[in-house]
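The values are calculated or read from the model by the stated rules, or taken from the named source; none is laboratory data. Quick caveat, the model's predicted, so the values are computed rather than measured. Positions of Cβ are backbone-derived with ideal geometry, glycine not excepted, and every protein chain shown enters the neighbour counts. Calculation scope for accessible area: heavy atoms of the full protein, side chains included, ligands and nucleic acids excluded. Shrake-Rupley method; radii C 1.70, N 1.55, O 1.52, S 1.80 Å.
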Amino acid sequence: MKLTDEEQAMLAGEMGEPKRWAIDHQIKVGGMFDAAGMVPVSQAHMMADPESVGDAGVSFMEDLAGKGARVAIPMITDPRGVDLNYYRPLGQTEEMADIDRRTIAACESMGILMTNTCVNYQTIMPPVLGDHVAYGDTGVVIYSNSVCGARSNFEGGPSALAAGLTGRTPRYGLHLDEHRRATRRFVVREQPAELTDWGVLGAVAGKMAGSYWEVPVIEGLEVVPTSDEMKHLGAAMASYGSTPLFHLAGITPEARRLADVGGDQLKAEEISKADLDALRAGFGSKGDKIDVVVFAAPQLSLVEMQQVAGLCDGKAFKTPILVCTSPQVYADATRMKFVETIEATGAKVLEGTCFYNQYAREIGEANGWTRLLSNSAKIVNILGGYGYQPALASMEACVASAVAGEIV
Amino acid sequence: MTTLKCHKGIGPKVTGEALVADDNFSARYDLDRIKGIFSRPQHKLAGRSYKDKVLVLNTSKGGVASAWMLYEMKSRGIAPKAILFNNANTILAQGAALADMAMCDRFEDGDVTTLIQSGQMVEVDPEAGLVTIVG
């Protein structure tokens, strides 16, 4: 791998141990993916929830911080695992909160901005066309690559941290033009109508694409999706397929025409109503009892908060509802009284977390929750492994189901 | 002894017992990391222990969490010795780099989940890009 003089100095330890660790990590990863060198990045975004970092991960970050680590570029964070204002009622322990407190302290001392969000492209500083970034959170990466035309691989926590410290990342995968060309061409006949439909479409496309190295281009859409619809489409696609990039012909910036991404050279494969129905069929049916309703994954935008508040207003629920949003949206949603309206029903809004990285197994066991209903195609995919029987319905149907105590 | 050529990987040279499935892998979605078993009911290795095994799977799935999780799993001594994929995604490679866990992918002779059988002993040499079935 070709290194600049500055990168050589980092590797030799001349710029301190944290940068030496970081560039060494990047060389190892870049080596596996044949990176010819490094590429400067404008931002890094790190996933470091307490369940995944554990004591080992937080000790590692504390060690770097103790050695004077300091980020070289703006660096932000993904949702936390504990809302420090509301964790005991969920059955989360002091030990869990402590890992989060330690992570926050270590990150802050490195100059990391604790944004605690997976919707930074809606709230912080969206990347622009051609912008090289090092983002964690698959939903953030797929949205930034596909909708913004930015360039990022999935950067796991350690690699996002390394990128923050060195201000660069190995130039492989989605940083290169050749990995951004379409490899699968899907034709949609059924037009998505609401958020969950977009999530289901993303899930099916992700499942069909099936690998990090496949890039779907989708044609046949008659509407331009909103940012929230793109968010659900992308998050589900990334969750089901490990997919980091999609193109929508005539809609997303790199595919103004199908041919721009090579889609015209590919065999068209239909995504049928039967494919979409089959995906939904795995996630609950009318009359099933439910233990909890969750709106999360990704965190809700201000617009979604308004929609949830509108649906909840004046209702009484048999089933508890949890809503996860970012600290940025939470502040606005509080000021606009959406939080008050939602919580007046007994539902709870969590700030800066996302349900599935909040020790989902432990809080499920503590509260007796197994039958979980959500409008997120992503979260229902994840939670099967955490001992849940997840079910999927639209936002409206989720709220109505919480009134009834069963899926309506 | 059969030697399989793959792409240069990450991590140390190790030997261990293979646990193979034509299925995918996410530390977050598929595992009970406390018990050290595959826990997602739909996974072909559901209920099986992965501790000290050389996992042989198709590709890596799902979220970024797996990168921290490999390091966390290894710190508690309940982790696979190595993971072999047909195609790794970036997250698992990054996790292997931090955890110093052996990982290789892209095998020249085809689908690695058919080239190696569960129970066989395999030696993984990531630097050389070689996996040898030793018994």
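A few comments on the model shown:
- Counted residues, segment A:203-223 - those being within 14 Å of chain B (Cβ to nearest Cβ) and open to solvent by less than 30 Å² (accessible area, probe 1.4 Å): 7
- Qualifying position, being more than 11 Å from chain B (Cβ to nearest Cβ), in contact (Cβ under 8 Å) with a residue 40 or more places away in the chain, open to solvent by less than 10 Å² (accessible area, probe 1.4 Å) and in contact with a strand residue (DSSP E or B) (Cβ under 8 Å, 6 or more places away or on another chain), among A:Ser42, A:Ser146: A:Ser146
- Any hit, segment A:294-302, residues being over 21 Å from the mean Cα position of the chain (by Cα) and not small (Gly, Ala, Ser): no
- Candidate set: segment B:13-36, residues that are part of a strand (DSSP E or B) and among the acidic types (Asp, Glu); chosen: the one farthest from the other protein chains (Cβ to nearest Cβ): B:Glu17
- Note on segment B:37-84: residues that are buried (at least 24 other Cβ atoms within 10 Å of the Cβ) and in a helix (DSSP H, G or I) total 8.
- Test: residue in segment A:146-162 that is acidic (Asp, Glu) and farther than 25 Å from A:Gln265 by Cα: yes
- Qualifying residue in segment A:156-170 (condition: surrounded by 24 or more Cβ atoms within 10 Å (Cβ to Cβ), in contact (Cβ under 8 Å) with a residue 24 or more places away in the chain and either outside the structural domain of A:Ala44 (by TED's automatic domain parsing) or more than 23 Å from A:Thr4 (Cβ to Cβ) (or both)): yes
- Any chance A:Ala360 is open to solvent by less than 10 Å² (accessible area, probe 1.4 Å) and either closer than 20 Å to A:Leu90 by Cβ or assigned by TED's automatic domain parsing to the domain that holds A:Asp228 (or both): yes
Yes/no matrix, rows are residues, columns are (1) away from chain B (no Cβ under 14 Å); (2) without any contact (Cβ under 8 Å) to a residue 40 or more places away in the chain; (3) small (Gly, Ala, Ser):
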residue	(1), (2), (3)
A:Gly346	yes, yes, yes
A:Gln358	no, no, no
A:Glu365	no, no, no
A:Trp369	yes, no, no
A:Ser374	yes, no, yes
A:Val380	no, no, no
A:Leu392	yes, no, no
A:Ala397	yes, yes, yes
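- Looking across segment A:231-258, the residues that are within 16 Å of A:Phe186 (Cβ to Cβ) and not in a loop (DSSP other than H, G, I, E, B) come down to A:Leu233, A:Gly234, A:Ala236, A:Met237, A:Ala238, A:Tyr240, A:Gly241, A:His247, A:Leu248, A:Leu258.
- B:Ala93 being at the interface with chain A (Cβ under 8 Å from one of its Cβ atoms) and either in contact (Cβ under 8 Å) with a residue 40 or more places away in the chain or crowded, with 24+ Cβ neighbours inside 10 Å (or both): yes
So that you can scan it fast, the table gives a plain yes or no per residue for (1) touching a residue at least 24 places away in the same chain (Cβ under 8 Å); (2) outside the structural domain of A:Val349 (by TED's automatic domain parsing); (3) in contact with a helix residue (DSSP H, G or I) (Cβ under 6 Å, 6 or more places away or on another chain); (4) closer than 26 Å to A:Tyr172 by Cα:
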site: A:Gly13; (1), (2), (3), (4): no, yes, yes, yes
site: A:Met32; (1), (2), (3), (4): no, yes, yes, yes
site: A:Ala35; (1), (2), (3), (4): yes, yes, no, yes
site: A:Asp55; (1), (2), (3), (4): yes, yes, no, no
site: A:Gly68; (1), (2), (3), (4): yes, yes, no, no
site: A:Met75; (1), (2), (3), (4): yes, yes, yes, yes
site: A:Asp83; (1), (2), (3), (4): yes, yes, no, no
site: A:Arg102; (1), (2), (3), (4): yes, yes, yes, no
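For (1) free of Cβ contacts under 8 Å to residues at least 12 places away in the same chain; (2) within 9 Å of chain A (Cβ to nearest Cβ), each residue gets a yes or a no:
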site: B:Gly11; (1), (2): no, yes
site: B:Gln42; (1), (2): yes, yes
site: B:Ser49; (1), (2): no, no
site: B:Lys53; (1), (2): no, no
site: B:Ala65; (1), (2): no, yes
site: B:Leu84; (1), (2): no, no
site: B:Leu98; (1), (2): no, yes
site: B:Cys104; (1), (2): no, yes
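- Filter result for B:Thr2 (out of contact with any Asp or Glu (no Cβ under 7 Å at 6 or more places or on another chain) and of a type in the set (Val, Ile, Thr)): yes
- When we screen A:Gly91, A:Gly81, A:Gly68, A:Gly111 for residues that are modelled with pLDDT of 95 or more, within 19 Å of A:Asp137 (Cα to Cα) and either open to solvent by 10 Å² or more (accessible area, probe 1.4 Å) or among the small types (Gly, Ala, Ser) (or both), the only hit is A:Gly81.
- One residue from A:Ser285, A:Ser301 being hydroxyl-bearing (Ser, Thr, Tyr) and open to solvent by 60 Å² or more (accessible area, probe 1.4 Å): A:Ser285
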